[in-house]
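Written below as structure tokens is the structure these notes are about.
Just so it is clear, none of the values below were taken in a lab; they were calculated from the coordinates. None of these values were measured; they are calculated from a predicted model. We place every Cβ from the backbone using ideal geometry, glycine too, and count neighbours over all the protein chains shown.
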Amino acid sequence: MGHDDLPTLELAFPGPERDEGVAAILSGRKTALTGLLEIYEHAGEAVPVAGQRFAVLDSEGSPAVTIELVEVRVIPMKEIDDDFARAEGRGYSDVAAWRAAHEEFFRGDGVREYLGHAPVVDDGTLVVAERFRVVEPVDSARR
């Protein structure tokens, strides 16, 4: 199955944050990602399951890499640990750094505009914690 046949996954919003996330996946630093369950619910999207593959899009909307989910958990934010935080590949030294960055993002203007309100973000906030492996980077010559 080629990249064009897969459902797509967009990290954050287009721009530097997405570009850094895609680069971290391609380098192997990023093997986990976290989404706010409320965003899935608002979009009417099912929570993904292990074994699903996605074409991860870059800021231009082009497939950059194919990933396969190896673990998906819906858990309260308080259950994220240091290992998962580091697997996010964004340079978080521990879960406290991960938590601060995710609270800022989830409470940010982009998420607020998308949901139509500021989400509640606390220890009990449900997140979709996903671990993945890279299946296939997109050949830049084919892009």
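Observations on the structure shown:
- Number of the exception - Val134 against (1) surrounded by 17 or more Cβ atoms within 10 Å (Cβ to Cβ); (2) hydrophobic (A, V, I, L, M, F, W, C); (3) in contact (Cβ under 8 Å) with a residue 60 or more places away in the chain; (4) over 16 Å from Ala12 (Cα atoms): (1)
- Those residues of region 3-16 which are at negative phi, surrounded by fewer than 19 Cβ atoms within 10 Å (Cβ to Cβ), touching a residue at least 12 places away in the same chain (Cβ under 8 Å) and not polar (S, T, N, Q), in sequence order: Asp4, Leu6, Pro7, Glu10, Phe13, Pro14
- Residue that is nearest to Leu115 (Cα to Cα) [pool: residues in region 36-92 that are of a type in the set (Asp, Glu) and not in a loop (DSSP other than H, G, I, E, B)]: Glu38
- Meets criteria (out of contact with any Asp or Glu (no Cβ under 7 Å at 6 or more places or on another chain) and either β-branched (Val, Ile, Thr) or in contact (Cβ under 8 Å) with a residue 24 or more places away in the chain (or both)) for Glu41: no
- Candidate set: region 112-131, residues that are in a loop (DSSP other than H, G, I, E, B) and among the charged types (D, E, K, R); chosen: the one farthest from Gly15 (Cα to Cα): Asp123
Yes/no per residue for (1) within 17 Å of Ala32 (Cβ to Cβ); (2) free of Cβ contacts under 8 Å to residues at least 40 places away in the same chain:
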{"site": "Val74", "(1), (2)": "yes, no"}
{"site": "Ile80", "(1), (2)": "yes, no"}
{"site": "Ala87", "(1), (2)": "yes, no"}
{"site": "Ala97", "(1), (2)": "yes, yes"}
{"site": "Phe105", "(1), (2)": "yes, no"}
{"site": "Gly108", "(1), (2)": "no, yes"}
{"site": "Val111", "(1), (2)": "no, no"}
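- When the residues of region 93-111 are filtered to those that are in contact with a Lys or Arg (Cβ under 9 Å, 6 or more places away or on another chain) and part of a loop (DSSP other than H, G, I, E, B), the one that is surrounded by the most Cβ atoms within 10 Å (Cβ to Cβ) is Asp94.
- For region 5-41, a residue qualifies if it is in contact with a Pro (Cβ under 7 Å, 6 or more places away or on another chain) and closer than 19 Å to Arg53 by Cα, and exactly one does: Leu26.
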